[in-house]
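*Asks:* Dumping the structure here so I can ask a few things about it.
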Amino acid sequence: MSVYRHVIGLLLCLAASGASGAPITFNTALPVARGEFINRELVVLTRADDRQRDLNANALVSVLGYGANADLAFFGVLPYLDKELKTTVRGVRLTRSSEGFGDASLFARYTFFKQNAPGHTFRIAAFGGVKAPTGDDDDRDALGRLPVPLQSGSGSWDVFGGLVTTYQTLAYQVDAQLSYTAKSEANNFEGGGEIRLDSSFQYRLSPRTLGRGTPDFLYAVLEANILHGSKNRVFGSRDQNSGGTSIFLSPGLQYVNKRFIVESSMQLPVSQNLNGEALKNDYVARLGFR
Amino acid sequence: MKTTVLLIAVGISTVLIYAAVAFAGENHYRVDVEGMNCPFCAYGIEKKLENLDGVEKVDVELEAGQFWLEVDDGVTLSQETVSDIIRNAGFTFKDMTQHEEPESLRNNSE
């Protein structure tokens with residue numbers, strides 16, 4: 001059931017920081033001004049099913065960023081999760097669900113290279129942080145304790161880090177990110193480590209030509225995400241129905257105003273080479289505001 | 001003697017009038033910035049420039065990478081203060097020059 005892990009993994013990478021047009025499914029290296037707070041609210045709807053299982057995982061992800069200086073920014077991410085899993089066991093349809101705040105993440109991002117020039121900027125930043133087990137990891141229903149992936153919280157302290165780069169012009173923007181998440185054991189469950197490679201291309205659709213002043217921008221967005229997860233460990237043994245490699249494409253739109261950004265994308269699986277009977281994603285829809 | 005005093009007075013007045021006209025005309029600053037490529041980034045800087053004492057109005061020319069600041073008569077902006085705002089926002093301050101109201105802004109306000 002690697003889809004659960006993907007939900008959490010995606011949440012960790014959603015703190016798109018920047019103030020400006022930025023990728024929808026991951027981070028950016030664009031700056032947060034010194035002393036400024038930025039906020040992002042993102043609705044993430046994940047659907048996955050196979051013959052026996054049907055998963056709906058919805059999340060409202062709140063991100064707060066703070067610019068310590070022009071190069072260093074801090075981010076906090078707090079998801080509110082609503083998960084429901086329907087399974088058929090011996091012909092009986094069972095529904096199990098959980099709802100509540102998930103695990104909070106804190107991370108820092110430091111821009112160690114930047115090249116500003118007329119009409120473009122190029123930046124490379126490193127980021128790293130920790131996911132704390134703030135969500136409920138002992139939720140129960142009439143059938144007993146919910147399985148670990150269905151809990152709002154993981155119970156584990158996880159660390160993550162990576163590199164992100166951005167090249168932005170007035171007409172288009174390219175972002176790329178390489179990240180790794182290492183997970184620790186909790187409740188006899190240890191999620192497999194996850195490596196991700198993300199890329200994003202944004203192209204300004206409107207206005208076609210820039211006039212005077214500061215017009216609103218409408219970007220077409222196309223993002224690609226490659227995720228590889230190691231197998232989970234349950235009671236010390238590898239779960240053969242977990243882990244694997246997925247490739248997603250996410251077309252989307254982003255409207256950038258002087259005061260706010262509205263964005264939406266639909267993440268679609270291109271390839272899901274998952275181990276055993278790991279549940280595959282149908283789609284992940286996102287609607288965001290910052 | 002009277003003629004001399006009159007000529008001096010006229011001369012001083014002329015100089016003062018020219019100085020006043022010239023001073024009143026140059027109440028705009030152009031700030032050149034590099035690396036700023038979207039409306040959202042520009043707005044963060046615009047807000048901070050608008051909060052500077054004596055700044056009446058800020059116009060952004062995104063394509064040119066320029067901020068145009070209109071200041072109250074007699075106000076002189078510190079280049080250090082302005083460049084700090086730009087740098088703290090993560091962009092590169094290039095130059096700041098004093099101007100008369102540019103044609104483009106005059107058309108904007110009509």
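*Asks:* Mind counting the residues in segment B:67-99 that are within 13 Å of chain A (Cβ to nearest Cβ) and crowded, with 19+ Cβ neighbours inside 10 Å?
*Replies:* 10
*Asks:* Inspect segment B:47-65 for any residue being surrounded by fewer than 18 Cβ atoms within 10 Å (Cβ to Cβ), more than 8 Å from chain A (Cβ to nearest Cβ) and part of a helix (DSSP H, G or I) and give the result as yes or no.
*Replies:* Yes.
*Asks:* Going by the structure shown, is A:LYS183 buried (at least 21 other Cβ atoms within 10 Å of the Cβ), free of Cβ contacts under 8 Å to residues at least 40 places away in the same chain and more than 14 Å from chain B (Cβ to nearest Cβ)?
*Replies:* So A:LYS183 passes the test.
*Asks:* Residues to consider are A:ARG51, A:ARG47; find the one that is farther than 26 Å from A:THR181 by Cα and either more than 14 Å from chain B (Cβ to nearest Cβ) or surrounded by fewer than 16 Cβ atoms within 10 Å (Cβ to Cβ) (or both).
*Replies:* A:ARG51
*Asks:* Here is a further query. I'm checking my understanding of the structure. Among residues of segment A:244-276 that are under 22 Å from B:ASN37 (Cα atoms) and outside any strand (DSSP E or B), which one is farthest from the other protein chains (Cβ to nearest Cβ)?
*Replies:* Looking at residues that are under 22 Å from B:ASN37 (Cα atoms) and outside any strand (DSSP E or B), I get A:PHE260.
*Asks:* Oh, and also: Any residue at all in segment A:175-189 that is within 15 Å of the chain's Cα centre (by Cα), under 25 Å from A:VAL130 (Cβ atoms) and among the hydrophobic types (A, V, I, L, M, F, W, C)?
*Replies:* Checking segment A:175-189: at least one residue is within 15 Å of the chain's Cα centre (by Cα), under 25 Å from A:VAL130 (Cβ atoms) and among the hydrophobic types (A, V, I, L, M, F, W, C).
*Asks:* Additional query: Do we find a residue being assigned to a loop (DSSP other than H, G, I, E, B), under 11 Å from the mean Cα position of the chain (by Cα), modelled with pLDDT under 95 and away from every other protein chain (no Cβ under 14 Å) anywhere in segment B:1-13?
*Replies:* No, segment B:1-13 has no match at all.
*Asks:* Moving to a separate point now. What tally of residues in segment A:216-257 results from selecting those that are in contact with a helix residue (DSSP H, G or I) (Cβ under 7 Å, 6 or more places away or on another chain) and surrounded by fewer than 21 Cβ atoms within 10 Å (Cβ to Cβ)?
*Replies:* Total satisfying the criteria: 3.
*Asks:* Here is a follow-up. Does A:LEU78 meet the test of being within 24 Å of the chain's Cα centre (by Cα), surrounded by fewer than 21 Cβ atoms within 10 Å (Cβ to Cβ), under 23 Å from A:VAL284 (Cβ atoms) and at pLDDT below 95?
*Replies:* Answer is no for this residue.
*Asks:* Are any residues in segment A:256-271 of a type outside the set (Lys, Arg) and either on the phi > 0 side of the Ramachandran plot or at pLDDT below 95 (or both), and if so, which ones?
*Replies:* Across segment A:256-271, the qualifying residues are A:VAL256, A:ASN257, A:PHE260, A:ILE261.
The values are calculated or read from the model by the stated rules, or taken from the named source; none is laboratory data. The structure displayed is predicted, hence computed values, not measured ones. Neighbour counts are summed over all protein chains in view; Cβ atoms, including those assigned to glycine, are modelled from backbone coordinates with ideal geometry.
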